[in-house]
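Reviewing the structure listed below.
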Amino acid sequence: MGTHRLYYDDSYLQNFEARVLSCSPGRPVQGPSGTRAAWEVLLDQTAFYPSSGGQPNDLGLLDEAVLLDVREEGDDIMHIVDRELAAGSVKGCVSWPRRFDHMQQHTGQHLLSAMFQERFALPTVSFHLGADLSTIDLRGQEPSWAHLLGAQRAANQAIFEDRPVNVRYGTADQLAQRGVRKQVDREGLLRAIEIESADLQPCGGTHVKSTGQIGLILIRGLSKVRQDWRVEFACGGRAERLATDDLARQRALVASLSCAVEDLPMAIENLTAERDAHFKSLRSALQQLAEARAAQLVGEASAGANGFRLVAHVLDGVHPELLLPLATEIAKHERTVAMLILAESGQLVFAQHRAAGKDMAAILKSVLATHPGKGGGSKDFVRAKLADAAASPHALDLASRLARP
Ligand SMILES: [Zn+2]
């Protein structure tokens, strides 16, 4: 027989009475404050919706017991509660804000799926009602932005027309005659949801009684998931919250950029262009500085046998972006090795003129064996970062000794 589902015929039922058929200890449930003991309760009838068909379960109370989960087990509905219930009669109370939110999202999904199917021949192959956004997966050609907005427009038009949402029962054949597209392989009497002049779908979920109660549908995004197209959307109260959050973000942007809302894209484009130009001029200034400093440092270093020169310094108070061009410029000088470490961060670059004939990678390996850090590179050029910046003078000392002939 199974549990009698009161929500099938009245999805607005919030308070009901039922008989406890059984109550037994269940597996402990993982809650926000650790694991807690749980009991499994079977009732003769229930208004609680179990997780099913993409719609999450209801929450609420059975007398004093708090509902932790509601599961479908065959034809039965299993209520998971936080305390034992005595045999006899019990009062159930459905947490209404959560349920009504689910009804808005779920009915909105029927409508949106119907519009994608009817207008663009894109069938919905799955539905998920998430904590923030809901999604449908469409199969077929990639929907364009115009498709998405077209489906959204048509769905909202059907909401403004406040069309009745009816529950219909019939056999698979009868429903097929009435226009149900989806193939159903269940036997006996089936339940279907009809949105007048829009859609008829077999469904066991809970829905609002007319499309006006969906409030509004907003599409929020599109992504590819395996072979399908995942459309994110929000309905009713969620759509209102999203639009309000969008406005708050927009106000913050307008305040920080001191421009009108309609000028935001241009203001951000200008900012990005300005940033890129500054970055380019900084690069060029650093390059000029690197060339000048390299000439000065190489000049100060005395050449040894065969013209070998070592320029080794722990640099204090220099721009971190100078390290790389400076080492590169030094190593452009004949038979010269550059060994530079930034005192503040322990970032280092070892670079050599090819004719210097050393192995920077091997030297770095020895340095890192004594002074831990991360990095690597080639025979002529390595970069690394010491774990302890205070070790920079010791690391440089060791590297210099290894580099000298
Ligand atoms: Zn449904």
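Derivation of every value follows stated rules applied to the coordinates shown; laboratory data play no part. Everything quoted here is computed from the prediction, not taken from an experiment. Positions of Cβ are generated from backbone atoms using ideal geometry, with glycine treated the same way; all protein chains shown enter the neighbour counts.
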(request) Taking 7 Å along the Cα-to-C-beta vector as the label spot, tell me the ALA86-ARG251 distance in nanometres, rounded to one decimal. (result) 5.4 nm
(request) Rounded to the nearest Å, what's the spacing between the alpha carbon centres of the range 375-405 and the range 252-328? Just the number, please. (result) 23 Å
(request) Tally the DSSP beta bridges in the chain and give the antiparallel ones as a percent, rounded to 5. (result) 90 percent
(message) What's the whole-number percent of alpha carbon pairs in the chain lying beyond 41 angstrom?
(response) 49 percent
(request) State, to one decimal in nm², a quarter of the convex hull surface area for the C-alpha atoms of the range 209-315, i.e. the direction-averaged projected area. (result) 15.9 nm²
(request) Give the total of Lys-Lys pairs in the range 252-405 with Cα-Cα distances below 21 Å; include a pair only if its members are 8 or more places apart or on different chains. (result) 9
(message) Between ARG293, ARG27, ARG168, where does the largest GNM mean-square fluctuation fall for the chain, given springs only between Cα atoms within less than 10 Å?
(response) ARG293
(request) Quickly rank 228-237, 13-22, 78-87 as a protection proxy: mean count of other C-beta atoms within 10 Å, highest first. (result) 228-237, 78-87, 13-22
(message) What does the extension gain come out to for LEU149 and ASP101, with contour length at 0.36 nm per residue minus their alpha carbon separation?
(response) 15.0 nm
(message) From the P(r) of the range 291-405, could you give the percentage of C-alpha pairs in the tail past 19 Å?
(response) 37 percent
(message) Over the chain, with a Gaussian network built from C-alpha contacts below 10 Å, which listed residue (MET103, MET360, MET266) shows the highest mean-square fluctuation?
(response) MET360
(request) For LEU315, enumerate residues with amide H under 5 Å from its amide H, sequence gap 5+ or separate chain, H modeled in the peptide plane. (result) ILE341, LEU342, ALA343
(request) Could you work out which residue, out of ASP245, ASP75, ASP199, moves most in a Gaussian network model of the chain, that is, has the largest mean-square fluctuation with Cα springs under 10 Å? (result) ASP75
(request) Please give the peptides 129-137, 302-310 ranked by average Cβ packing (other Cβ atoms within 10 Å per residue), highest first, as a rough proxy for protection. (result) 129-137, 302-310
(request) Relative to the longest principal axis of the C-alpha atoms of the chain, give the angle of the C-alpha long axis of helix 145-160, reported between 0 and 90° and rounded to the nearest 10°. (result) 30 degrees
(message) I'd like to compare 33-41, 106-114: which one has the highest average count of other Cβ atoms within 10 Å, and what's the full order after that?
(response) 106-114, 33-41
(message) Quick check: the angle from helix 264-300's long axis to the longest principal axis of the chain, C-alpha only, nearest 10 degrees?
(response) 20 degrees
(message) Between ASP263 and ALA361, what is 0.36 nm times their sequence separation minus the Cα-Cα distance? Round to one decimal in nm.
(response) 30.1 nm
(request) Tell me the Kirkwood hydrodynamic radius of the range 1-129 in angstroms, computed as one over the mean inverse distance between distinct C-alpha pairs. (result) 15.8 Å
(request) Enter the Cα centre distance for the pair the range 106-137 and the range 190-220, rounded to the nearest angstrom. (result) 11 Å
(message) Less than 15 Å apart at the alpha-carbon level, and either on another chain or at least 8 residues along: which aspartates and glutamates does that give for LYS209?
(response) ASP9, ASP10, ASP101, GLU161, ASP162, GLU194, GLU196, ASP199
(request) Please figure out what share of the DSSP beta bridges in the range 257-379 is antiparallel and state it in percent, rounded to the nearest 5. (result) 40 percent
